[in-house]
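As structure tokens, the structure follows; a few thoughts come after it.
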Amino acid sequence: DQQVKQNSPSLSVQEGRISILNCDYTNSMFDYFLWYKKYPAEGPTFLISISSIKDKNEDGRFTVFLNKSAKHLSLHIVPSQPGDSAVYFCAASSYLNTGNQFYFGTGTSLTVIP
Amino acid sequence: EADIYQTPRYLVIGTGKKITLECSQTMGHDKMYWYQQDPGMELHLIHYSYGVNSTEKGDLSSESTVSRIRTEHFPLTLESARPSHTSQYLCASSEGVIQETQYFGPGTRLLVL
């Protein structure tokens, strides 16, 4: 039973516009959430994270929003660039509940069109 | 940021062969992990280690085994490869106790014929 879900397998966005990637989770004990970016034939690269005590974290063009009541997080990329084209995975963990084991979504493939 | 290395990057091998996938990290992280990922699917944890001489199985059942004799090294072994083992294998490491970030190696893409 998947505890972290990314319901959009793919997303296409024009260069310069905003990309919004969504992620839902079911385990209310998750307290730490991360986004990873993955190019084909490479390992995931850490992008940005957020603790459950916050509802927003920003790093340059990347912002992650957390809505605990809806068990939903999103990653905003503004402005989108062609180099952002990759698969984005969200992950969640809970030290107390899952011993820091990470649970990953199935990924969303983002294509930024020049 | 962790420096974590995996070899080989790609491996094509026949059924029944024994293989070892190497993973090394240079950051002194205590925790190391092996994930398996198929295209379009989530990463599944197959093994993890919280330190030297500590290894545990993850959620996904796997016929592979691991060892952790040195902090920096976490190899994964398949005693007899089968076509069902064809997948991408990702190694990761992390430090800290809570709300840690896992850093991944480049992965090994395995094809068993």
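The values are calculated or read from the model by the stated rules, or taken from the named source; none is laboratory data. Just so it is clear, the model here is predicted, and its values are computed rather than measured. Reconstructed Cβ throughout: ideal geometry from the backbone, glycine too, with neighbour counts over all protein chains shown. Surface areas here come from the heavy atoms of the whole protein model, side chains and all, with no ligands, DNA or RNA. Shrake-Rupley method; radii C 1.70, N 1.55, O 1.52, S 1.80 Å.
Within segment B:79-99, how many residues are over 17 Å from the mean Cα position of the chain (by Cα) and facing chain A (nearest Cβ under 8 Å)?
3
Determine whether residue B:92 is surrounded by 19 or more Cβ atoms within 10 Å (Cβ to Cβ) and farther than 20 Å from residue A:45 by Cα.
Values: surrounded by 19 or more Cβ atoms within 10 Å (Cβ to Cβ): yes; farther than 20 Å from residue A:45 by Cα: no.
So residue B:92 fails the test.
Mind checking which pairs have a first residue in segment A:41-58 that is without any contact (Cβ under 8 Å) to a residue 60 or more places away in the chain and open to solvent by 50 Å² or more (accessible area, probe 1.4 Å) and a second that is among the polar types (S, T, N, Q) and part of a strand (DSSP E or B), Cβ under 9 Å, 6 or more apart or different chains?
Within 9 Å, the pairs are A:55/A:67; A:56/A:63.
Check B:56, B:63 and return the single one that is out of contact with any Pro (no Cβ under 7 Å at 6 or more places or on another chain), more than 13 Å from chain A (Cβ to nearest Cβ), acidic (Asp, Glu) and surrounded by 12 or more Cβ atoms within 10 Å (Cβ to Cβ).
B:63
Which of the residues belonging to segment A:23-40 are more than 8 Å from chain B (Cβ to nearest Cβ) and open to solvent by less than 20 Å² (accessible area, probe 1.4 Å)?
Taking segment A:23-40 as the starting set, the residues that turn out to be more than 8 Å from chain B (Cβ to nearest Cβ) are A:23-30, A:33, A:35, A:37-40.
Result: A:23, A:25, A:30, A:33, A:35, A:38.
Which residue, of A:45, A:63, A:26, is touching a His at 6+ places or on another chain (Cβ under 6 Å) and within 28 Å of residue B:37 (Cα to Cα)? Outline the logic, then answer.
Values: A:45 fails: touching a His at 6+ places or on another chain (Cβ under 6 Å); A:26 fails: touching a His at 6+ places or on another chain (Cβ under 6 Å).
Of the residues listed, the single one that is touching a His at 6+ places or on another chain (Cβ under 6 Å) and within 28 Å of residue B:37 (Cα to Cα) is A:63.
Residue A:49: more than 11 Å from the chain's Cα centre (by Cα) and not acidic (Asp, Glu), yes or no? Working first, answer last.
On the way: more than 11 Å from the chain's Cα centre (by Cα): no; not acidic (Asp, Glu): yes.
Spelling it out, it is not the case that residue A:49 is more than 11 Å from the chain's Cα centre (by Cα) and not acidic (Asp, Glu).
State which residue is surrounded by the fewest Cβ atoms within 10 Å (Cβ to Cβ) when the search covers only segment B:8-44 and only residues that are within 14 Å of another protein chain (Cβ to nearest Cβ) and small (Gly, Ala, Ser).
Residue satisfying both the conditions and the ranking: B:40.
For residue A:70, work out the one condition from (1) more than 21 Å from residue B:37 (Cβ to Cβ); (2) in a strand (DSSP E or B) it doesn't fulfil.
Here residue A:70 meets the rest and fails (2).
Which condition from (1) open to solvent by 40 Å² or more (accessible area, probe 1.4 Å); (2) outside any strand (DSSP E or B) is the one that residue A:87 breaks?
(2)
Go through segment B:75-108 and give me each residue that's in contact with a Phe, Trp or Tyr (Cβ under 7 Å, 6 or more places away or on another chain) and of a type in the set (Phe, Trp, Tyr).
B:89, B:103
Consider segment A:1-22. How many of its residues are touching a strand residue (DSSP E or B) at 6+ places or on another chain (Cβ under 8 Å) and either over 19 Å from residue B:59 (Cβ atoms) or away from every other protein chain (no Cβ under 13 Å) (or both)?
14
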